[in-house]
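Read the structure below first, then the notes.
The values are calculated or read from the model by the stated rules, or taken from the named source; none is laboratory data. Please read these numbers as outputs of a predicted model, since none were measured by experiment. Cβ: placed from backbone, ideal geometry, glycine included. Neighbour counts: every protein chain shown. Surface areas here come from the heavy atoms of the whole protein model, side chains and all, with no ligands, DNA or RNA. Shrake-Rupley method; radii C 1.70, N 1.55, O 1.52, S 1.80 Å.
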Amino acid sequence: MGRYLIGRLGQSIIVLFLVSLIGFMILNLAPGGPLSQFALTPGMSQADIQRIAAQMGLDRPLIIQYFDWLGRLLVGDWGDSFRDGRPVLEIIIEHLWATLLLMGTSMAVSIVIGIGVGIAGAVRRYSVFDYLATVGAMVALSIPTFWFGLVAIYLFALQLDWLPAGSMTTIGDGSVVDYLRHLILPTLVLSLVNVAIWSRYMRASTLEVLDQDFVRTARAKGLSRYRVLVHHIVRNALLPMITLAGLQLPTILGGALVAETVFTWPGMGRLFLDSIGYSDYPVVMGILMLSAIFVLLGNLLADLLVAITDPRVRLA
Amino acid sequence: MTTMTAAGDAAHTRHHWWQHRTLSRFLRHRLAATGLAIILMLTLACLLGPHLLPYDELTVDLRARFSPPLTQDHYLGTDPLGRDIAARLLMAGRISLLVGFSVMLISTVFGTLIGVVAGYFRGWVGSVLMRIVDAFLAFPSIFLVLVLSAFVEPSPFMITVIIALTCWMEIARIVEAEILSLRERDFTIAARLSGASARWIMFRELVPNAMGPIIVAATLTIANAILLEAYISFLGYGIQPPLPSWGNMLNSAQQYLADAPWLAIVPGITITLAVSSFNFIGDGLRDALDSRSNLP
Amino acid sequence: MTLSHPPALAVRDLCVTFQRNGCETRVIHDIDFEIAAGETLALVGESGSGKSVTSMALMRLLGRQSRAAVTGQVALHAATEREPIDLLQIDDARMRQLRGRRIAMIFQEPLTALNPVHRVGDQIAEVVRFHSGSPRRQARAQALALLEQVGIPEPSSRLDSYPHELSGGMRQRVVIAMALAMEPDVLIADEPTTALDVTVQAQILTLLKTLQRDTGMAMLFITHDFGVVSEVADRVAVMYAGRIVEEGDVEAVLARPLMPYTAGLLASVPRLERAGLPGERLATIAGRVPDPASLPAGCSFQPRCTFAVPGTCDSAVPALASLKAGRRVRCTRAHELIPAEELSPCPQTS
Ligand SMILES: Nc1ncnc2c1ncn2[C@@H]1O[C@H](COP(=O)(O)OP(=O)(O)O)[C@@H](O)[C@H]1O
Ligand SMILES: [Mg+2]
C-alpha cells in the first residue's frame, strides 16, 4: 500500500507542477498580462505602466517570474482582488462552503440514486426498466444543465410557486427550512447529470462483476439472492466507482458552477463568473488553480480509499 | 466458446472487413439510427431552411416583439427584438453544428497525435505527455473555457480553438491505452523487425487499428462541444450577437422566462435533441465497432 | 457394482436448450446416469462437449441470463431424507437450501472462483453461517477446522488471508473446504485440477479421495483428461457433443474402450511407461467438437471417426445400448467392432 500511494503521490506532484505551468501561461495570456488591472485604469500612461511592471518584477525573465509566482502560491499569497483589494484566498474561502454544500448534497443524492438505478438495470438487464434508465441517462447527459435550470425555475418557481427561484436564503429568514427550500432546485439540476453518470458506470461495473466466477461460487454456496447481490456483486462493483468519483470531480465542479450561475447561488462558481465579468483576474486565477488542486486532492483521496477498500491493492 | 477465439488477431487486416457488418449492427441499434436521421435532417434544415422561411434571422421588427409561436408566419415566435426565432434557430444551427464538428476535428487530430506518440514511445516521453493530459484534465473544462474566452476576442474561430483545447485529453487517453496494447501485437512487432520507421508504424499500422475507439470518442466530443458552446454563449462569452448560436439565443431567455417561455424552450429542446442524437450515435458506434460486444 | 441403496444422485433424460437470438440450440441431449453414495463417476470429454453445462444444470446455476431451458429429472437422495428430491421440480428457495448443503460444487478456476475482497475464512464461514445459522465465532472455528481438514498449513493464519495471497493449489483447497463445509451428499467437481500444475494436481486428487472416504459422499468428477480418471473414479461416462457415448467401470473402459471416440481419447493420453520412447507420438483425434447449433447428421462423432461408414453412421443417432456389467455404448457399428460376448445385453437387474 505504501509503495502504491507514494507512486500516486509522486505522480500527483508532477501533475500539480504542470497544472501550475498551465495556470501561469493562462495568466500571461490575459489582456495586459498580470498588469491588466492597470491597463484598464484610465489616465495611466505607457511610462507609468512600465514603471509598475519593473516594480512588480515583470521585466525579469519569464522563468524567474514563474518561480516567484509559484513560490507565493505555495505560501498562500495568492494576490489581492482587483475589485476590493482583499486577499484572493480569503474571498474564495468565503464562497467555498456554499459550493461544498451544494456539491455535497448533490453527490449524496446522486450517488444513492445513481448506484441504485445502475444495480437494478444490470440485474434486470434488457428489461423495460433497464431500457428506460439507459435511454433516460443518455438524454439527461444531453440536456444543457443551465437550460434545465431555467426549465426548473419556470416550472417550480414561476408556474407552481413551490420553491424559490434563486439565491441561498430569503432575506430576513434564517431558518433551516428556508435553506433547504433554496437548496432543492440547484441540487435537482446538478444531480440530473450526476445521477446519469453514476447509473451508467454502476450498471457497467455491475455487469462486469455479474459474469465473474466468484458470483457463481457464491450462488453455488446456496446464499440468498440478496446476500449474493449485496455481499458479493455490489461490494466488488463499487470498487471502481471510488476511482470514478475522483475522476468525475471536474465534471461535478463544472456542473456546480453552472447551477450556481442559474440560481444565483453565492458559491465559488458564481464568484468565478462575477470575477470574469469584472476582469478580476487574480480571483479568477485563484479559483482556477484551487479547483485543479481540489480535483487532484480528490483523486489522491480516491486512490487512498481504493487502497483501503481493495485488499489486492492493499498489499501490492 | 472456443471456436470463436480464432477471430482474435484478425483485427489488423486493413480491408475494413467489418464495414458492412458494422453498418448493419449500427442500424439495428434503433436509437443510434434515429439519432443519425435527426442529425441529417437537422443539418439539412439548417442548410436549406433559412432560404425557405419568410424572415431572415437579423430583421428586427419591434411591432412583433415577443410573438408566441404560430403567430402569423413566425412559426416559433419572435424574440425581444421581434426577430423570427425559426430563422434564428436554423442559422444558429449552422454555427453551433459547425463549431461542434470543428472542435471534434481539431481535438481528435491533436488528441490522437499525443496519444499515439505517448503510447508508442512510452518511457519518459509517454509519461510526460500523459501527465500533461492529466494536468489539463484537472481543470474543470467549463472553467478553462470561460477564462480563455474572456481573455481573447470571441470570434467563432477562437471559440472553436478554445473549446478544442479542453476536449482533446479524453481522446489522447483512449488512444494511448489502445496503442499500448496494439504495439505488442504480432503485426506491429513484425513491422518493427522489418525495419519500418516509427512514423510508418504509428500512422500506418497503429492508428488505423485504433480507429474504432477514436471514432466513438470523436462522436461524443461533438456532443460535448455543442454543450460547451451553448453554455459560454448563454453567458455572453461565446458566439457574439448578432450572429446567432443556440447558446446565445438563450441569452435573454432567463430574463423573460415568465412572459416568453418559448425563448428558452425552443433552443433548449433543439440543443438537447442534437446532443442526444450525437450521444446515441456514439453509443451505437461503440456497440457496432466493439468486437467484444456480442450484439445480435 | 451393485446398488443396494437408491443412488445419491440419479439423472434422467436431462436436456438443456439455450435460446439465443430467437433460435433454440440444444446443447445437452438426454443425459442419464446414477452415482451411489461413496462412489465417483468421472464425466470425460473434450472441451466443448457439454460437461460444464451439465454440471451447472444439475446445480440449477444456469441463470435466467443465459436463457436456458432444463428438462428431465435430477433426483438427489440425501442421507437425511427418506425420499429423493427432484431438483428440477422444487422452488428456488428450497433449491438454495440444498445448494452448498446437500449438493456442492468445485470449479475449474481456483484463481477466480473466490471473491477477491473477502478473507478466505469469512468466505468459508459464510456457508456455515448461512446454512446452519451458527454464530460468527462458531462458524469461524468451523472454518478453521475445515482449512485444517483440506490440508492447508498454518490454517489459523490463513483464515485471514485474501485469495490473492494464496497459491492456486491453496485456493483450490479453500474452494474444496467451502464445498465440503456442510458435508454434502453429492459433490460435483468441474475440472478441479485442470488449472493446476502436475504435482499440485496429484495432491488435490488425493485430498478429494480422502475426503470422500471420510464423508461417504457421491462425486461427479468432470475432466477432459483420461489421465486422472483412473486415479479418482470408480466408473466413467464419456461425453461427446452433449450426449453420453460410453459408460462403464473404469478398469473395463480403460482396458477396452468400445466407442471409437473413447479409444481416441485414450490414445491421446501420455503414458508414463511409454513416455520418452523414440517414435512414440501422441495420437490426437483430428477435427474438433461440433457446434451444438449444427450437429452432423446421425452419430455426432461420425465426421471424425475413422470407422465411420457412409449410409450407416450418418443416418440416425445411434441408441445408447446397455451391455453387461453396467456398460453402455452409443455406436451403430458396435456389433462389428466389438466381440460378441461383450455385446450381449446385460440381464436386467431389479
Ligand atoms: N450460456 C450459453 N449459451 C449458449 N451456449 C452455451 C452456453 N454455455 C455453453 N454453451 C455451449 O455449450 C457447449 C458445451 O459447453 P461446456 O459445457 O462449457 O463444455 P465443456 O465444459 O465440456 O468444455 C459449447 O458448445 C458452448 O458453446
Ligand atoms: Mg468446462
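Reported count of residues in region C:62-75, each being on the phi > 0 side of the Ramachandran plot and within 12 Å of ligand 1 (Cβ to nearest atom), is 1. One residue stands out in region A:142-183 among those that are surrounded by fewer than 16 Cβ atoms within 10 Å (Cβ to Cβ) and hydrophobic (A, V, I, L, M, F, W, C): the one that is farthest from A:Ser110 (Cα to Cα), namely A:Ile171. The set of residues in region C:136-176 that are more than 19 Å from C:Ala202 (Cβ to Cβ) and among the aliphatic types (A, V, I, L, M) comprises C:Ala139, C:Ala141, C:Ala143, C:Leu144, C:Ala145, C:Leu146, C:Leu147, C:Leu159.
Taking B:Ile174 as the residue in question, decide whether it is over 30 Å from A:Phe263 (Cβ atoms) and either open to solvent by 60 Å² or more (accessible area, probe 1.4 Å) or within 14 Å of chain A (Cβ to nearest Cβ) (or both). If you could, list the steps in order and put the result at the bottom.
Working: over 30 Å from A:Phe263 (Cβ atoms): yes; either open to solvent by 60 Å² or more (accessible area, probe 1.4 Å) or within 14 Å of chain A (Cβ to nearest Cβ) (or both): yes.
Here the answer is yes, as B:Ile174 does meet what is asked.
Residues in region C:215-246 that are out of contact with any Asp or Glu (no Cβ under 9 Å at 6 or more places or on another chain) and in a helix (DSSP H, G or I) were compared, and the one that is nearest to C:Pro292 (Cα to Cα) is C:Phe226.
Within region A:122-147, the set of residues being polar (S, T, N, Q) and touching a residue at least 60 places away in the same chain (Cβ under 8 Å) comprises A:Thr134, A:Thr145. Residue check: A:Leu155 meets all listed conditions (1) within 13 Å of chain B (Cβ to nearest Cβ); (2) in contact (Cβ under 8 Å) with a residue 12 or more places away in the chain; (3) part of a helix (DSSP H, G or I) but one, namely (2).
For region C:26-45, the condition holds for no residue, the condition being that it is part of a loop (DSSP other than H, G, I, E, B), within 7 Å of ligand 1 (Cβ to nearest atom), within 13 Å of chain B (Cβ to nearest Cβ) and under 24 Å from A:Arg219 (Cβ atoms). For region C:86-111, the set of residues classified as of a type in the set (S, T, N, Q) and either at pLDDT 90 or above or farther than 21 Å from A:Asp213 by Cβ (or both) consists of C:Gln89, C:Gln97, listed by residue number. May I ask you to list the residues in region C:47-61 that are within 7 Å of ligand 1 (Cβ to nearest atom), part of a loop (DSSP other than H, G, I, E, B) and touching a strand residue (DSSP E or B) at 6+ places or on another chain (Cβ under 9 Å)? Hits for region C:47-61 are C:Ser49, C:Gly50.
Within region C:7-25, the residues that satisfy the criterion of being within 12 Å of ligand 1 (Cβ to nearest atom) and out of contact with any helix residue (DSSP H, G or I) (no Cβ under 7 Å at 6 or more places or on another chain) are C:Thr17, C:Gln19, C:Arg20, C:Asn21, C:Cys23, C:Glu24. The set of residues in region B:137-154 that are within 7 Å of chain A (Cβ to nearest Cβ) and touching a residue at least 24 places away in the same chain (Cβ under 8 Å) comprises B:Leu137, B:Phe139, B:Ser141, B:Ile142, B:Leu146, B:Ala150.
Candidates in region C:173-219 are the residues that are under 21 Å from C:Met59 (Cα atoms) and of a type in the set (S, T, N, Q); of these, the one that is farthest from ligand 1 (Cβ to nearest atom) is C:Thr215.
Identify all residues within region C:113-151 that are modelled with pLDDT of 90 or more and either within 16 Å of ligand 2 (Cβ to nearest atom) or of a type in the set (Val, Ile, Thr) (or both); write none if there are none. Matches in region C:113-151: C:Ala113, C:Val117, C:Val120, C:Ile124, C:Val127, C:Val128. Within the span defined as region C:303-312, one or more residues are outside any loop (DSSP other than H, G, I, E, B), on the phi < 0 side of the Ramachandran plot and at pLDDT 85 or above. Test C:Arg119 against the criterion of being within 16 Å of ligand 1 (Cβ to nearest atom) and open to solvent by 30 Å² or more (accessible area, probe 1.4 Å), and give yes or no. No: the conditions fail for C:Arg119. Those residues that are of a type in the set (S, T, N, Q) and either touching a residue at least 24 places away in the same chain (Cβ under 8 Å) or assigned to a loop (DSSP other than H, G, I, E, B) (or both), I need them from region A:210-226; list them, please. The answer is A:Gln212, A:Ser224. Scanning region C:183-214 for residues that are of a type in the set (Val, Ile, Thr), under 21 Å from C:Ser55 (Cα atoms), away from ligand 2 (no atom under 16 Å from the Cβ) and free of Cβ contacts under 8 Å to residues at least 40 places away in the same chain yields one hit, C:Ile204. For residues that are open to solvent by 10 Å² or more (accessible area, probe 1.4 Å) and within 17 Å of C:Arg256 (Cα to Cα), scanning just region C:234-243, find the one that is farthest from ligand 2 (Cβ to nearest atom). Filtering first and then ranking leaves C:Asp234.
For region A:209-226, give me the residue count where each residue is within 21 Å of A:Asp303 (Cα to Cα) and either open to solvent by 50 Å² or more (accessible area, probe 1.4 Å) or at the interface with chain C (Cβ under 7 Å from one of its Cβ atoms) (or both). Don't jump to the end; show me each part of the working.
First pass over region A:209-226, keeping only residues within 21 Å of A:Asp303 (Cα to Cα): A:209.
So of that shortlist, the ones also either open to solvent by 50 Å² or more (accessible area, probe 1.4 Å) or at the interface with chain C (Cβ under 7 Å from one of its Cβ atoms) (or both) come out as none.
Residues that pass the stated criteria total 0.
Residues in region C:78-101 that are facing chain A (nearest Cβ under 9 Å) and not acidic (Asp, Glu) were compared, and the one that is farthest from ligand 2 (Cβ to nearest atom) is C:Ala93. When region B:178-189 is filtered for residues that are part of a helix (DSSP H, G or I) and either open to solvent by 60 Å² or more (accessible area, probe 1.4 Å) or at pLDDT below 85 (or both), the ones remaining, listed by number, are B:Leu180, B:Ser181, B:Asp186, B:Phe187, B:Thr188, B:Ile189.
Let's see how each residue does on (1) in contact with a His (Cβ under 6 Å, 6 or more places away or on another chain); (2) within 21 Å of B:Ile39 (Cβ to Cβ); (3) open to solvent by 30 Å² or more (accessible area, probe 1.4 Å):
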| position | (1), (2), (3) |
| --- | --- |
| B:Ser197 | no, no, yes |
| B:Ile214 | no, yes, no |
| B:Pro242 | no, no, yes |
| B:Ala253 | no, no, no |
| B:Leu263 | no, no, no |
| B:Thr270 | no, yes, no |
| B:Ser277 | no, yes, no |
| B:Ala288 | no, yes, no |
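Within region A:121-135, the set of residues being of a type in the set (A, V, I, L, M) and open to solvent by 40 Å² or more (accessible area, probe 1.4 Å) comprises A:Val123, A:Val128, A:Leu132. Residues that are under 21 Å from B:Asp79 (Cα atoms) and more than 9 Å from chain A (Cβ to nearest Cβ) within region B:270-287 comprise just one, B:Thr270.
Among residues of region A:227-245 that are more than 12 Å from chain C (Cβ to nearest Cβ), those with a Cβ under 7 angstrom from a residue that is assigned to a helix (DSSP H, G or I) and open to solvent by less than 10 Å² (accessible area, probe 1.4 Å), sequence gap 6+ or separate chain, pair up as A:Met241/A:Met202; A:Ile242/A:Ala302; A:Thr243/A:Ala302; A:Ala245/A:Ala302. Selection within region C:20-46: residues that are out of contact with any strand residue (DSSP E or B) (no Cβ under 7 Å at 6 or more places or on another chain) and open to solvent by 70 Å² or more (accessible area, probe 1.4 Å). The member of this set that is nearest to C:Thr215 (Cα to Cα) is C:Arg20.
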